[in-house]
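A.B. asks: My structure is below; once you've seen it, I'll send some questions.
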Amino acid sequence: LYERANDCRWWAMTPTLQQALSAPSLSTADAQHIQQILAYINGLYTVYTQLVVYDRYGQIVAASKPADAEGVSVLGQRIDDAALASTLALRDQQDYHVSAFEPCALYGDRPTYVYHAAIRDPHDQQVVGGIGIVFDAEIEFKAMLKDGLPQQAASQAVYLDRNGAVLSSTDATLPIGSRFALPPDLLKLEKGQ
């Protein structure tokens with residue numbers, strides 16, 4: 001998942017994004033150009049379902065896919081306040097913010113991670129907006145789990161968070177969000193005991 005953080009930080013340094021969001025107001029032509037850039041990137045990086053650029057107020061000004069699966073435009077929608085505050089507080093180009101694994105409107109209200117990086121003005125003086133990249137958790141986690149299973153044996157695999165919540169599973173009896181009973185010894189190791 002660290003690659004996701006690298007992607008959003010790298011793309012946040014795109015000069016076109018920095019210049020356009022630094023302008024007093026974003027022109028329609030600049031917004032369309034940003035949208036073309038995002039669509040091109042998303043066509044190459046298919047582990048994401050959506051890339052969005054938002055202004056310093058959290059309003060989405062461009063998206064790789066301007067409409068969601070139901071045809072509702074994401075343009076003009078706002079990034080949630082917590083993500084915006086975290087992004088605006090990022091100190092430099094090496095910092096990023098990742099959401100909790102939770103339902104996300106940009107992912108059809110299904111749980112995923114959204115990675116954010118601050119877009120800074122061309123002189124690196126102030127944050128002028130942000131980029132959010134929506135990880136296709138449902139598809140990508142399942143593919144990773146299946147790739148790790150032995151071919152000849154009947155096996156199951158699961159991704160868990162540190163509290164035992166299921167992030168993904170190849171076992172239908174362990175749906176996303178359910179709890180997996182972790183052995184007490186493992187919990188002690190996690191807490192440093």
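A.B. asks: Give the carbon-plus-sulfur fraction of the accessible surface of region 34-113 in %, rounded to a whole number; probe 1.4 Å, heavy atoms of protein chains only.
C.D. replies: Working: 2240 of 4270 Å².
For region 34-113, the apolar C and S fraction of the accessible surface comes to 52 percent.
A.B. asks: Could you size up the charge dipole of region 40-183 around its Cα centre, putting +1 on the beta carbon of Lys and Arg and -1 on that of Asp and Glu, and report it in debye to the nearest 20? Working shown, then result.
C.D. replies: On the way: 10 positive and 17 negative charges, 35 e Å.
Taking the Cα centre of region 40-183 as origin, the dipole is about 160 debye.
A.B. asks: In debye, nearest 20: dipole of region 101-155 around its Cα centre with unit charges on the Cβ of K, R (+) and D, E (-)? All intermediate terms of the calculation are to be shown ahead of the outcome.
C.D. replies: Numbers: 4 positive and 8 negative charges, 28 e Å.
Magnitude of the dipole: close to 140 debye.
A.B. asks: Also, I was wondering about something else. Of Ser168, Ser99, Ser73, which has the largest mean-square fluctuation in a 10 Å C-alpha GNM of the chain?
C.D. replies: Evaluated over the chain, the most mobile residue of the options is Ser73.
A.B. asks: Mean separation of Cα pairs under 8 Å and 6+ residues apart, divided by the residue count of region 82-193: what relative contact order is that in percent?
C.D. replies: Values: 156 pairs, mean separation 16.0, N = 112.
Across region 82-193, relative contact order equals 14 percent.
A.B. asks: Mind telling me which of Ala100, Ala181, Ala31 comes out most flexible in a GNM of the chain, alpha-carbon contacts under 10 Å?
C.D. replies: With Cα springs under 10 Å in the chain, the top fluctuation among Ala100, Ala181, Ala31 is at Ala181.
A.B. asks: Here's something else I'd like to know. Place +1 on the Cβ of every Lys and Arg and -1 on the Cβ of every Asp and Glu in the chain, take the dipole about the Cα centre, and give the residue among Ala5, Leu44, Ala67 whose Cα lies farthest towards its positive end.
C.D. replies: Working it through, the farthest residue towards the positive pole turns out to be Ala5.
A.B. asks: Compute the acute angle (0 to 90°) between the alpha-carbon long axis of helix 2-12 and the principal axis of greatest extent of the alpha-carbon atoms of the chain; round to the nearest 10°.
C.D. replies: Helix 2-12 and the main axis of the chain meet at about 10 degrees.
A.B. asks: On average over all directions, what projected area in square nanometres does the chain have, based on the convex hull of its Cα atoms? Walk me through the numbers before you get to the answer.
C.D. replies: Working: hull surface 52.2 nm².
Result: 13.1 nm².
The values are calculated or read from the model by the stated rules, or taken from the named source; none is laboratory data. The model shown is predicted, which means the values in this text are computed figures rather than measured ones. Cβ sites come from the backbone with ideal geometry, for glycine too, and all protein chains shown count toward neighbours. Each accessible area value is taken on the protein alone, full model and side chains, heavy atoms only, with ligands, DNA and RNA left out. Shrake-Rupley method; radii C 1.70, N 1.55, O 1.52, S 1.80 Å.
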